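The values are calculated or read from the model by the stated rules, or taken from the named source; none is laboratory data. Model, not experiment: these values are computed from the prediction. Positions of Cβ are backbone-derived with ideal geometry, glycine not excepted, and every protein chain shown enters the neighbour counts. These area figures cover heavy atoms from the full protein model, side chains too; ligands, DNA and RNA do not enter into them. Shrake-Rupley method; radii C 1.70, N 1.55, O 1.52, S 1.80 Å.
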Amino acid sequence: QPQGRDFMIEQLIAEATECDFKVALETKKPKSWLKSVSAFSNGIGGTLFFGVSDDREPIGLSDVQKDAEAISRLIKERITPLPQFILKPLQEDGKNLLALEVSPGRSTPYYYKADGVMEAYIRVGNESVIAPDYIVNELILKGTNQSFDTLTTEAVKKDYSFTLLEATYLERTGLRFEPSDYVSFGLADKNGVLTNAGKLMTDQHTVYNSRMFCTRWNGLEKGSIFDDALDDKEYEGNLIYLLKSGSEFIRNNSKVRFVKEAQYRVDKPDYAERAVTEALVNALIHRDYIVLGSEVHIDMFDDRVEITSPGGMFGGGSIQEYDIYSIRSMRRNPVIADLFHRMKYMERRGSGLRKIVSETEKLPGYTEAYKPEFSSTATDFRVILKNVNYNMCGASVHDAAHDTAHDAAHDTSVIRKQNLLLEFCADPKSRDEMQAYIDVSSRSHFSKYYLKPLLSSGKLEMMFPDKPKSKNQKYTTWIVNTFSDKFF
């Protein structure tokens, strides 16, 4: 009966980790389906349904036995190493079908080989595509039970310092980082040669891809870094330094508002500090360091923070396909993960994403609309934390009467720099000279918080008021000083 047929097909599809559909077995162009066998083996596994159309309708095969023998033969001839698979004959409404179940492989990468070429495939969405070189390299490491962070390098431990690592370890654990710990924790071998994990923890910047780019955008979307960025920083070096710098950047560009109650006040931070830490730790320990020219990105907007790291889900698939409450821990960099766990930057393994959600749920004003979001592709992983003080109508939830310590600190910083500018401009100075002096890179930010307020208050004067667009335009306080020194 149709209902029974639909139920059976949908149930089989639901049980498959990933799936492809083939109306018939193509033996003259077997690459059309063998590339999926390669991709399933290199990822989380999957099922190929033969005799089923793309809209999941059973069409049937004319000779199941012959097709089954051809599938087995072609896999053995053209996929290397030989993957694990099971062929299951099915029958629906008198139509014969085949289900080819491919298991996730341990001896990655699994290549399709024919006509003198060898190609490894991975899944991207619902397609099987040729794996980029850096993913092939990661699959090679995975197939030999190695990871990037466990590989030894040419760097010798005695040539580098680890002051930040040792100080942080003592601070967070109460224990000293002993010389023997470098070997037992996997940061160096017995000969004193550093692993990649060890290089990522040196005080010196020894791994080029160990970088973090941070931007606070003006509004809800990205724009020009020169006109639409309120703040931007680039950090490179030790992973602990990147973690602390990223946390500080987010903290400095967000607010902690409060609501006064009868007997007390309730702090209302934009983001949960622990959720931010978990998201940054996740980005640093699970990212793919093999990708050349890559870095972690923090993009802050009025309504959210996006933290993006290189490398998709380790083992294949996408985070959208998983339930974060039951997902098992798969660690791309186990040595780094263990070290951060020892330093108590992360709790039990595999709980990071759940912790991000649970800590955000504790924030005053939280609703389901502010639930953190997770997404991944074959090339990156993204965490989106939503600003719980930003309402969905597009306005910041802010009561001017409830200024916070953070707001006051920001205002104090602006006033201090304004006063520095007034002193600096005792002799006429150009706009570029003024920006450089107080170290403000954004022209729009400088104009909004410094130049315009000082001009409108009369504390700063233009030397050539009739030529406001002149390239030689300069600003000074000498006219003001003639009358009063109250501004200093």
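Some notes on this structure:
- Bridgeable aspartates and glutamates around K429 (alpha carbons under 14 Å apart, same-chain partners fewer than 8 residues away excluded): E461.
- Based on C-alpha pairs under 8 angstrom that are at least 6 apart in sequence, segment 159-283 has a relative contact order of 17 percent.
- Divide the volume of the convex hull around the Cα atoms of segment 159-227 by the residue count and you get 147 Å³ per residue.
- Total formal charge among the other residues, if their Cβ is under 11 angstrom from that of P132, Lys/Arg +1 and Asp/Glu -1: -3
- Extension gain for N191 to Y366 (0.36 nm times residue separation, less C-alpha to C-alpha distance): 57.7 nm.
- Across K28/K66; K452/K474; K22/K95; K268/K371; K244/K362; K22/K142, pairs whose alpha-carbon gap is larger than 19 Å: K244/K362; K22/K142
- Using just its DSSP H runs of length 4 or more, each adding -39500 (n - 2.57), the chain gives a mean residue ellipticity at 222 nm of -9500 deg cm²/dmol after division by all residues.
- Proximal aspartates and glutamates relative to K88, as straight alpha-carbon distance under 17 Å, when same-chain residues fewer than 8 apart are discounted: E10, E15, E18, D20, D63, D67, E69, E101
- Around the amide H of A426, modelled in the peptide plane, lie the amide H atoms of T477, all under 5 Å away and 5 or more residues distant in sequence or on another chain.
- Working from the Cα coordinates of segment 286-331, the gyration tensor eigenvalues give, after taking √(5λ), semi-axes of 21, 18, 8 Å in decreasing order.
- Span per principal axis, largest first, for the Cα atoms of segment 219-318 (Å): 55, 34, 29
- Annotation for I324 and T153: the two label points, set 7 Å from Cα along the Cα-Cβ direction, are 3.2 nm apart.
- For segment 115-159, the alpha-carbon coordinates run over 48, 28, 18 Å along the three principal axes, in decreasing order.
- Surface share of carbon and sulfur [accessible, 1.4 angstrom probe, percent] for segment 179-241: 50 percent
- Only lysines eight or more places from K157 in sequence, or on another chain, were considered; those with a Cα closer than 18 Å are K190, K199.
- Sorted on the mean count of surrounding Cβ atoms within 10 Å across their residues, most packed first, peptides 28-38, 274-284, 115-125 read 274-284, 28-38, 115-125.
- Size descriptors for segment 37-161 (Cα atoms only): Rg and Dmax, in that order, 19.0, 73 Å.
- Annotation: per residue accessible area for the chain equals 51 Å², rounded to a whole number [probe 1.4 Å, protein chains only].
- Compactness of segment 341-388, expressed as Rg and Dmax over alpha-carbon positions, Å: 12.5, 35
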